[in-house]
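Remarks on the structure that follows.
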Amino acid sequence: MLKTNVGLNKSIQSNVNKQITDAPSPEQKSPLAEAREQIAKTNSVSLWFSRFANRTARLVGHPATFLGAIAAIVVWAATGPIFHYSDTWQLIINTSTSVLTFLVVFLIQNTQNRDAKAIHLKLDELIRSHSPAHNDMIDIENLSDEELDELEKRYAAICKQHEARQKKNVPKPRLT
């Protein structure tokens, strides 16, 4: 038993040593830190727009903004009798909502694209770091719809096979 524990301790120590050697040294930078430095150096319009879109999406999605929009509509509706429900009165709300909707759609799409990319990168890192996982699953978001459909069918078949194996291994309930 003592030999087993010593062997186990050596195995654990070996894994700890491996993790220590795999970790970046203080002079080495993580890929994330390198990417941030590179972006900070460029200070491009893309970086500015990305930050602007992110802040705007947060603002537009805030409950106070929704309440503000409701208040604006109530004020607009209340001023209807003052302006005799004129064409100009109607044009104000139609134009302002159309312009705001048009602009916000692009900002929200930018935010969703960035979020989706970040999720894919995180999943790719998990797949890459997990040894039993198939590395060919990395970047499958770039496949065509037909290729994704075929892949989905294959995984559905694997799931059915797994469920069938589980049913075979489940003990039958005893009748008392």
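Worth pointing out:
- Estimated dipole of the range 43-133 in Debye, rounded to 20 [Cβ of Lys and Arg +1, of Asp and Glu -1, Cα centre]: 340
- Computed from backbone phi with θ = phi - 60° and the Karplus coefficients 6.51, -1.76 and 1.60, the 3J(HN,Hα) list for the range 73-86 is 5, 5, 4, 4, 5, 5, 7, x, x, 5, 9, 6, 6, 5 Hz; x is used for glycine and proline.
- Ranked by the mean number of other Cβ atoms within 10 Å of their residues, highest first, the peptides 153-166, 107-120 fall in the order 107-120, 153-166.
- Label-to-label distance, nm, for residues given as His62 and Lys122 (7 Å Cα→Cβ offset): 2.4
- Integer Hz, Karplus 6.51/-1.76/1.60 couplings in order for the range 90-102, x for Gly and Pro: 5, 5, 4, 6, 5, 5, 5, 5, 5, 5, 4, 4, 4
- In order through the range 49-61: 3J(HN,Hα) via Karplus (6.51 cos²θ - 1.76 cosθ + 1.60), integer Hz, x for Gly, Pro: 5, 4, 5, 4, 5, 5, 5, 5, 4, 5, 5, 5, x
- Mean projected area (nm²) of the alpha-carbon convex hull when the range 50-176 is viewed from all directions: 17.1
Coordinate-derived values only; no laboratory data. Here the structure is a predicted model, which is why all the values come from computation and not from measurement. Neighbour counts are summed over all protein chains in view; Cβ atoms, including those assigned to glycine, are modelled from backbone coordinates with ideal geometry.
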